[in-house]
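Read-outs throughout are calculated quantities, based only on the coordinates presented, and are distinct from any laboratory measurement. In this text the structure is predicted, and so the values were computed from the model without any measurement. Note that we place each Cβ from the backbone using ideal geometry, even for glycine, and neighbour counts take in every protein chain shown.
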Amino acid sequence: MTPVEVFEGDSPLILGLPHTGTDLLPEIFAKLTPRGQLLADTDWHIHTLYEGLIPDATTVRATFHRYVIDANRPPDGESLYPGQNTTGLVPLTDFDGEPLWLTAPDAAEIDARRQAYHAPYHAALAAQVARVKARHGVAILYDCHSIRSRIPYLFDGVLPDFNIGTVGGTSCDPLIESQVSDHCTEAMGYTAILNGRFKGGWTTRHYGHPAQGVHAIQMELAQSTHLATEAPPFAYDRAKAEALRHHLRAILGDLVALAPKLRAATR
């Protein structure tokens, strides 16, 4: 199993896709509980949702499932949200707080997974960030995510449709933050929040260094915006998706258009 798929584009935009993969080795799949084997916490169809929106965008996609190891968590396992319910580097529970493993992986197995999956994904992503920045003088990393809109274990009530994370404004230039936030807030029929429950995972925090010309922003979409149902079989709703893709295309296009200003600001 190849842990990461890369498409090298010519634009300053990179799409990170750490949670769309559903691949698990049979021996790992067999260790999951029946509930875990549903793979319910997948970012369902996100790679399809973003496909072709910006043809020249670079994409870096993890093919392995987040239950194997989470590519958007720190490799040392430190919590991204201390004091809040969350899932770890190798999650022991699902998003509802239910156990995932018949026998939880030990430290040696977690380390083996880190080397086999987490490290190759981030080596590929780091290489693309460096390549794009060398070509354009700036790199814009847009990390693509989705999650069920109602998960009491993680948050109260209903999640907004667009959840924008910039780690409190530190992971990208203010122009990026305001451009994306303004578009999402003004999108008719959708709700949006900036740096709410999801402020940006490890990818956004690790790579976002605007003073160095690398800008990172996370977009967590409520799955109700593009799925027929947020339960098995998690089917893709093409009508919903096309309406959403209209906004995503505009957001990504605006980010590409900002690149010259961002490049000038880092000189």
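General remarks:
- Between VAL158 and ARG131, the modelled labels are 4.2 nm apart [label points 7 Å from Cα along Cα→Cβ].
- If the chain linking ARG114 and THR266 were pulled fully straight, counting 0.36 nm for each residue of separation and taking away their Cα-Cα distance, it would gain 51.3 nm.
- Each other residue within a Cβ distance under 9 Å of HIS118 adds +1 if Lys or Arg and -1 if Asp or Glu, for a net charge of +2.
- Cleavage-rule hits (trypsin sites (Lys or Arg not before Pro)) in segment 199-248: DSSP loop, at most 12 neighbouring Cβ within 10 angstrom: none
- Among ALA134, PHE64, PRO152 - extreme Cα towards positive end, dipole of segment 1-152, charges at beta-carbon: ALA134
- Centroid-to-centroid, using Cα positions, segment 96-166 and segment 212-243 are 15 Å apart.
- Cβ-placed point charges (K, R +1; D, E -1), dipole of the chain about Cα centre in debye, nearest 20: 540 debye
- Net +/- balance of residues flanking ALA216 in space, Cβ distance below 13 Å, scoring K and R +1, D and E -1: 0
- In the chain, lysine pairs closer than 28 Å at Cα, eight or more apart or cross-chain: 4
- Listed by Cβ neighbour count within 10 Å, with the fewest neighbours leading, HIS246, HIS45 appear as HIS246, HIS45.
- Alpha-carbon Debye profile of segment 1-86, log10 I(q)/I(0) at 0.17 Å⁻¹: -0.82
- Potential lengthening of the chain between GLU98 and MET1 amounts to 32.1 nm, from the contour at 0.36 nm per residue minus the alpha-carbon distance.
- Full-extension gain in nm, THR86 to VAL256, via 0.36 nm per residue minus C-alpha separation: 58.0 nm
- Net dipole in debye of segment 156-261 [+1 Lys, Arg Cβ; -1 Asp, Glu Cβ; about Cα centre; nearest 20]: 240 debye
- From largest to smallest, the equivalent ellipsoid semi-axes obtained for segment 4-265 from the alpha-carbon gyration tensor read 28, 21, 17 Å.
- Net charge contributed by nearby residues that have their C-beta within less than 13 Å of ALA127 (K/R +1, D/E -1): +2
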